[in-house]
1. Could you run through the stretch B:173-189 and say how many residues are part of a helix (DSSP H, G or I) and either at pLDDT 95 or above or aromatic (Phe, Trp, Tyr) (or both)?
2. Is there any pair with a first residue in the stretch A:10-33 that is of a type in the set (Val, Ile, Thr) and a second that is surrounded by fewer than 16 Cβ atoms within 10 Å (Cβ to Cβ) whose Cβ atoms are under 8 Å apart and which are 6 or more apart or on different chains, and what are they?
3. Among the residues of the stretch B:119-128, is any buried (at least 19 other Cβ atoms within 10 Å of the Cβ), within 13 Å of another protein chain (Cβ to nearest Cβ) and touching a helix residue (DSSP H, G or I) at 6+ places or on another chain (Cβ under 6 Å)?
4. As an exercise: evaluate residue A:166 against (1) farther than 30 Å from residue A:17 by Cα; (2) more than 14 Å from chain B (Cβ to nearest Cβ) and give the number of the one condition it does not meet.
5. Tell me, which residue of the stretch B:212-223 that is away from DNA strand C (no atom under 13 Å from the Cβ) and open to solvent by less than 80 Å² (accessible area, probe 1.4 Å) is nearest to the other protein chains (Cβ to nearest Cβ)?
6. Can you confirm whether residue B:185 is within 13 Å of DNA strand D (Cβ to nearest atom), out of contact with any Asp or Glu (no Cβ under 6 Å at 6 or more places or on another chain) and more than 11 Å from every other protein chain (Cβ to nearest Cβ)?
7. Counting only residues that are assigned to a loop (DSSP other than H, G, I, E, B) and more than 8 Å from DNA strand D (Cβ to nearest atom), how many does the stretch A:190-216 have?
8. For the stretch B:180-211, what are the residues that are surrounded by fewer than 16 Cβ atoms within 10 Å (Cβ to Cβ) and touching a strand residue (DSSP E or B) at 6+ places or on another chain (Cβ under 6 Å)?
Number of protein chains: 2
Amino acid sequence: MNPIAIKVACSNCNLRELCMPLGLNQDELDRIDSLVAVRRKIKRGATLFRNGETFTALYAIRTGFFKTSITTEDGRDQVTGFQMAGEIIGLDGIVNDHHTCDAVALEDAEVCEMPFERIEELSREVNALQRHVHKIMSREIVREHGVMLLLGSMRAEERLAAFLLNLVQRLHARGFSALELVLRMTREEIGSYLGLKLETVSRTFSKFVEDGIVEVKQRHIRILDTEALKRIVNQQTQACL
Amino acid sequence: MNPIAIKVACSNCNLRELCMPLGLNQDELDRIDSLVAVRRKIKRGATLFRNGETFTALYAIRTGFFKTSITTEDGRDQVTGFQMAGEIIGLDGIVNDHHTCDAVALEDAEVCEMPFERIEELSREVNALQRHVHKIMSREIVREHGVMLLLGSMRAEERLAAFLLNLVQRLHARGFSALELVLRMTREEIGSYLGLKLETVSRTFSKFVEDGIVEVKQRHIRILDTEALKRIVNQQTQACL
DNA sequence: CGTCGAGTTGAGATCAGTCAATGACGGTGG
DNA sequence: CCACCGTCATTGACTGATCTCAACTCGACG
């Protein structure tokens, strides 16, 4: 136990600039603290919510790493995103009052459960929160546009390069290295997200290693040449010249 | 001119059950009428908004048909959606106060411009509107999950079949035939949306014609066997048996 | 130390892409 | 009214990226 009891509240959560609106006054901060009904711990491999379950709350990830995926009746599986600390999951559930995807922890995780009723109530009163909720949803829409571009028009190398750059960029924003990362997901999960088979993901990693762009030791990745990755993502540009 | 002047208002718009919340009282209805700042006519081929432009409003489509697309610096283009009457576009602009995609009319169109400031203001007061805005954004997120599944794991025939079924279903909900439709977009635009080249789209149409599933006369499509299309979308199921 | 899941690598198959020729339609101007 | 042009669509032949199937390796864990 920590000798100094840290108040468990958004207002002094070190992730607040990631998942909360900025520029709130003390009163507003206090009210937002009340948004979080409970903290919930999720073991690696456990699901936070599942397709079909009733939607009641959004979740802010405090620690850990999640994937969200949809499954068709015929067993096809599509990973729709990987989420890390400070990100919000559950937005898919709003439209029909139940979730349409599964959220699975890829490592032990802790989330803040925020009942959506409370969010709506409070965002009627705190404009910054209202705006914030809108922005979070809009951001997700824009992110998915980017994934559509990736899936619709990029080749395997470009997809993987874009994926790695996106991951390190997000990790970097959270204080981690911009050159090293540990993948929390399998090659198959990466492949599912990127619309590739796991063998293709593996081969593409190997190609990057051959080219001296990254070092790969299992799930530990070290980026040796960020610029090369960026060039790969935009390689079409080169080809057009 | 229509001898009886029809008040131009959401409350008696024949699309209201598509783009407005249900179960409002008269007062709420009146206030929502005030959401629409102006109607705007967009000629075929013209853009409603463009990547980079300042975001100020959402648009409800009254008539016509739009595509939204993103373009990378290197000229790659990805159609992110096709929108028809009753649907809302512009959600991508909320997060950064400017649009991140282009919206182009594929036929002469008319939209209701709803300043986002007004929407936020009013949705603080009218709970049903707040809920409605959230649902619209969530629906878009869920739709994009579906597109990710399509792009990430379906083959050409499955993609086109899913696309056709989706289109007729939406058209049917608007009172059009469930078996006939006129495509407002080129093969290239369909291909961009589905992550295929235009030749593949064309060939796949031809295959469907050969198989007696549809009739194709340029952009005029008649569906002869809806069940076959559904089977194609789920063909994985068959293969798994 | 053996087992199991995850990852790598190879060889061959396949689906979609590329390049190119041709055809259909609609609008324009003589 | 018709010829011409441009855009869109179709089709064929060939190419190539990714998938599939299969063998093998690695590392974690009981």
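1. Initial filter on the stretch B:173-189 (part of a helix (DSSP H, G or I)): B:173, B:187-189.
With the extra rule that they be either at pLDDT 95 or above or aromatic (Phe, Trp, Tyr) (or both), the set shrinks to B:187-189.
Number of matching residues: 3.
2. Going by the 8 Å Cβ cut-off, the qualifying pairs are A:32/A:11.
3. Looking through the stretch B:119-128, at least one residue is buried (at least 19 other Cβ atoms within 10 Å of the Cβ), within 13 Å of another protein chain (Cβ to nearest Cβ) and touching a helix residue (DSSP H, G or I) at 6+ places or on another chain (Cβ under 6 Å).
4. Here residue A:166 clears every test but (1).
5. The residue in question is B:213.
6. On the way: within 13 Å of DNA strand D (Cβ to nearest atom): yes; out of contact with any Asp or Glu (no Cβ under 6 Å at 6 or more places or on another chain): yes; more than 11 Å from every other protein chain (Cβ to nearest Cβ): yes.
Against the criterion (within 13 Å of DNA strand D (Cβ to nearest atom), out of contact with any Asp or Glu (no Cβ under 6 Å at 6 or more places or on another chain) and more than 11 Å from every other protein chain (Cβ to nearest Cβ)), residue B:185 qualifies.
7. Restricting attention to the stretch A:190-216, the residues satisfying the condition of being assigned to a loop (DSSP other than H, G, I, E, B) are A:195-197, A:211-213.
Cutting the leftovers down to more than 8 Å from DNA strand D (Cβ to nearest atom) gives us A:211-213.
Of the residues in the stretch A:190-216, 3 are assigned to a loop (DSSP other than H, G, I, E, B) and more than 8 Å from DNA strand D (Cβ to nearest atom).
8. Answer for the stretch B:180-211, where residues must be surrounded by fewer than 16 Cβ atoms within 10 Å (Cβ to Cβ) and touching a strand residue (DSSP E or B) at 6+ places or on another chain (Cβ under 6 Å): B:180, B:182, B:209.
The values are calculated or read from the model by the stated rules, or taken from the named source; none is laboratory data. On a predicted model such as this, the values are computed, not experimentally measured, just so you know. For neighbour counting, all protein chains shown are included, and Cβ atoms are generated from backbone atoms with ideal geometry for every residue, glycine included. These area figures cover heavy atoms from the full protein model, side chains too; ligands, DNA and RNA do not enter into them. Shrake-Rupley method; radii C 1.70, N 1.55, O 1.52, S 1.80 Å.
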